[in-house]
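Take a look at the structure set out below.
The values are calculated or read from the model by the stated rules, or taken from the named source; none is laboratory data. Since the structure is predicted, the reported quantities are computational estimates derived from the model, not experimental observations. Note that each Cβ is placed from the backbone with ideal geometry, even for glycine, and that neighbours are counted across all protein chains shown.
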Amino acid sequence: MRRHRGFSLIELIAVLMLIAIVAGTAALSISGSLAGAKTRAAVRDLTAALRQTRGLAIVKGEERSLEIDVEARTYQVPGKSPVQLPEELQMKLLTAATEQTGDSKGMIRFFPDGSSSGGRVTLTRDRHEWRVEIAWLTGEVRIEEDR
């Protein structure tokens, strides 16, 4: 009696299942890291926009404000179109009462000497939180991240 060499149907199914599991895990990992990269880019862009607004105030010698709409998840540099944050990001704004322009809107104002009205923009996604802190005395803008 001759034995045929080859793979059984069960062995082929087992290998295909392993390949499917590995491919699925890789796809989830990649999509998660893409969302994370998109979020980090949005936080850096907001920080850059605040620094740009401060720079404009200093160079032009006049007050400039970055407008923030928490409900719409947008911010706007003076003279530019509003920037929309990714859907998965939640936004909170802490600013002076005089800088609040509505229930969900407010501004961070920068003065010609580099100082600001101060405040904080908090962005959250899942369990991660990024706080963009704006110092009132110096106008310094920095990011703090909690995981």
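Would you be able to tell me the number of residues in region 115-130 that are over 14 Å from Leu66 (Cα atoms) and part of a loop (DSSP other than H, G, I, E, B)?
2
Which residues, taken from region 11-54, are at pLDDT 90 or above and surrounded by 15 or more Cβ atoms within 10 Å (Cβ to Cβ)?
Ala42, Val43, Leu46, Thr47, Ala49, Leu50, Arg51, Gln52, Thr53, Arg54
Considering only residues of region 97-109 that are of a type in the set (Gly, Ala, Ser) and in contact with a strand residue (DSSP E or B) (Cβ under 7 Å, 6 or more places away or on another chain), which is surrounded by the fewest Cβ atoms within 10 Å (Cβ to Cβ)?
Among residues in region 97-109 that are of a type in the set (Gly, Ala, Ser) and in contact with a strand residue (DSSP E or B) (Cβ under 7 Å, 6 or more places away or on another chain), the one surrounded by the fewest Cβ atoms within 10 Å (Cβ to Cβ) is Ser104.
Which of (1) crowded, with 17+ Cβ neighbours inside 10 Å; (2) in contact with a Lys or Arg (Cβ under 7 Å, 6 or more places away or on another chain); (3) closer than 21 Å to Thr39 by Cα does Leu123 not meet, given it meets every other one?
Exception for Leu123: condition (2).
Quick check, is Pro112 surrounded by 13 or more Cβ atoms within 10 Å (Cβ to Cβ) and at pLDDT below 95?
Judged against the criteria, Pro112 is not a match.
Scan Val132, Val83 and give me the residue that is loosely packed, with under 15 Cβ neighbours inside 10 Å and touching a strand residue (DSSP E or B) at 6+ places or on another chain (Cβ under 7 Å).
On inspection, the qualifying residue turns out to be Val83.
Do you know which of the residues in region 88-109 that are in contact with a helix residue (DSSP H, G or I) (Cβ under 8 Å, 6 or more places away or on another chain) and either among the small types (Gly, Ala, Ser) or at pLDDT 95 or above (or both) is farthest from Leu66 (Cα to Cα)?
Gly106
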